[in-house]
Amino acid sequence: MSDPFNPELPSIGHLQARARKRLPRFAYEYLSGGCFSDINIQRNTDDIREVLLRPYYLRDYPGSNMETEIFGKKYSAPFGVAPIGLQGLMWPRATEILAEASHKHNIPFILSTVGTASIEKVAELTEGEAWFQLYHPAEEEMRDKLLTRAAEAEVPVLVILGDTPTFAYRPKEIKNGLSIPPRMSLRNIFQMCTSPTWSITSLFAGIPEFKTMKPYIPKGLNMKHLGEFMNKTFSGRLSEDRIKAIRDKWQGKLVLKGVATCEDMEKAVSLGVDGVIVSNHGGRQLDAGQSTIKPLAEIAKEFKGKTTIMMDSGIRSGSDVACTMASGAEFTFLGRSFMYGVGAMGKRGGEHTMIMLKRQLQQVMEQVGCERVEDLHKHLIAD
């Protein structure tokens with residue numbers, strides 16, 4: 001079997017450039033875009049790269065070990081695949097590709113409520129190891145149905161989303177008329193025709209659908225009414241009462257994604273969540289907000305040991321993973337980075353990206369003389 005790592009694409013930047021050429025413009029802009037002027041996307045990465053690590057060259061050094069344990073399970077590396085909606089629109093069967101690769105490489109995969117594979121399918125592909133991220137429905141009945149299905153699929157970790165209290169203003173998506181299936185405007189049809197690999201692969205894979213939500217979507221809806229249904233269904237803003245209700249019902253591990261302040265962190269801990277993901281939704285919700293790495297250090301300093309602290313948004317390399325861990329995170333998640341891999345390489349893209357990130361992280365750990373990822377904070381050069 002050939003090595004899934006392609007030395008011609010040795011960084012996320014190379015993968016992004018290749019994906020941009022292979023995807024229709026509307027799909028690429030959904031993947032790469034943020035909100036308003038796309039400022040916070042770049043801020044997320046730029047601020048991570050202000051973090052500096054101190055190397056120790058003359059110490060006895062037996063080697064590095066990237067294995068990381070959270071929630072009682074040991075993973076091969078301190079990173080996983082963040083939830084991304086509409087994955088199958090960006091590349092056919094992207095959800096399944098990343099779920100299978102994650103299971104093979106023993107890293108966590110989080111399925112989005114609005115992903116293009118069902119809870120049951122992803123649970124099957126990962127042998128019950130996948131996490132599930134719940135967009136909080138407006139109605140309790142819908143919430144309970146999704147929680148029941150997640151429990152029956154033996155999902156070990158439920159992730160609830162707190163950083164999307166409103167629908168973001170995303171000019172590129174508005175202009176492109178983004179939807180599932182893609183709107184058949186002349187512009188979008190032209191873009192599909194100029195992306196033959198994507199179009200042929202999509203033809204064989206079939207029209208992407210919101211597979212987890214499919215049983216609840218009325219049949220025969222046109223694209224406009226489907227959009228209205230989804231907007232109405234997921235207009236529920238997360239609150240302390242809603243978190244408490246989920247905590248009371250959910251017997252597995254519960255993670256709150258979207259914490260950005262110590263104030264919210266204190267409430268999360270008091271509500272009994274097992275972990276948090278410091279996140280700004282990949283810079284897709286608030287251009288005027290902080291990057292995720294900025295509040296991480298303060299949150300970690302005050303709350304480490306009280307709950308598991310993780311982070312996503314802006315991580316684009318193994319070096320970024322190391323700097324995030326050094327700043328106080330106990331685990332990290334990447335979304336766009338893995339999708340750039342799939343967009344660039346198709347079914348081999350998930351494995352390629354995971355191998356690449358592991359190699360990058362290992363090099364950083366060996367360079368600074370860090371044996372275990374949980375010791376990376378000892379290499380942080382404080383301001």
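Checking the structure you have, find out if any residue of segment 84-93 is exposed (fewer than 14 other Cβ atoms within 10 Å of the Cβ) and modelled with pLDDT of 95 or more. It would help to see each step written out before you state the result.
Taking segment 84-93 first, the residues exposed (fewer than 14 other Cβ atoms within 10 Å of the Cβ) are none.
Checked against the condition, which is being exposed (fewer than 14 other Cβ atoms within 10 Å of the Cβ) and modelled with pLDDT of 95 or more, segment 84-93 yields no hits at all.
Listed conditions (1) hydrophobic (A, V, I, L, M, F, W, C); (2) touching a helix residue (DSSP H, G or I) at 6+ places or on another chain (Cβ under 6 Å); (3) surrounded by 19 or more Cβ atoms within 10 Å (Cβ to Cβ) are all met by Met356, apart from (2).
Could you tell me which of the residues Asp163, Asp144 is more than 22 Å from the chain's Cα centre (by Cα), closer than 25 Å to Asp241 by Cβ, surrounded by 14 or more Cβ atoms within 10 Å (Cβ to Cβ) and touching a residue at least 24 places away in the same chain (Cβ under 8 Å)? Outline the logic, then answer.
Working: Asp163 fails: more than 22 Å from the chain's Cα centre (by Cα).
Only one candidate passes the filter, namely Asp144.
Out of the residues in segment 151-160 meeting the condition of being without any contact (Cβ under 8 Å) to a residue 60 or more places away in the chain and at negative phi, tell me which one is nearest to the chain's Cα centre (by Cα). I'd like the intermediate steps shown before the answer.
Looking only at segment 151-160, we keep the residues that are without any contact (Cβ under 8 Å) to a residue 60 or more places away in the chain, and these are 152-154.
Okay, now just the ones that are also at negative phi, so 152-153.
Working: Glu152: 23, Ala153: 20 Å.
Selected residue: Ala153.
Scanning segment 43-93 for residues that are out of contact with any strand residue (DSSP E or B) (no Cβ under 8 Å at 6 or more places or on another chain) and closer than 30 Å to Pro196 by Cα gives Leu86, Gly88, Leu89, Met90, Trp91, Pro92, Arg93. Here Thr212 fulfils each of the conditions (1) closer than 27 Å to Met311 by Cβ; (2) of a type outside the set (A, V, I, L, M, F, W, C); (3) touching a Leu at 6+ places or on another chain (Cβ under 6 Å) apart from (3).
Of the helices (runs of 4 or more DSSP H) lying entirely inside segment 272-383, the ones with 3 or more residues being within 14 Å of Gly258 (Cα to Cα) are found at 293-303.
Take segment 57-73 and flag every residue that is out of contact with any Ser or Thr (no Cβ under 9 Å at 6 or more places or on another chain), surrounded by 12 or more Cβ atoms within 10 Å (Cβ to Cβ) and at pLDDT 95 or above.
Applying the first criterion (out of contact with any Ser or Thr (no Cβ under 9 Å at 6 or more places or on another chain)) to segment 57-73 yields 57-65, 69, 72-73.
Restricting the remaining residues to those that are surrounded by 12 or more Cβ atoms within 10 Å (Cβ to Cβ) gives 61, 64-65, 69, 73.
Passing the criteria: Ser64, Asn65, Glu69, Lys73.
The values are calculated or read from the model by the stated rules, or taken from the named source; none is laboratory data. No experiment lies behind these values; they were computed from the predicted model shown. All Cβ positions, glycine included, derive from the backbone under ideal geometry; neighbour counts span all protein chains shown.
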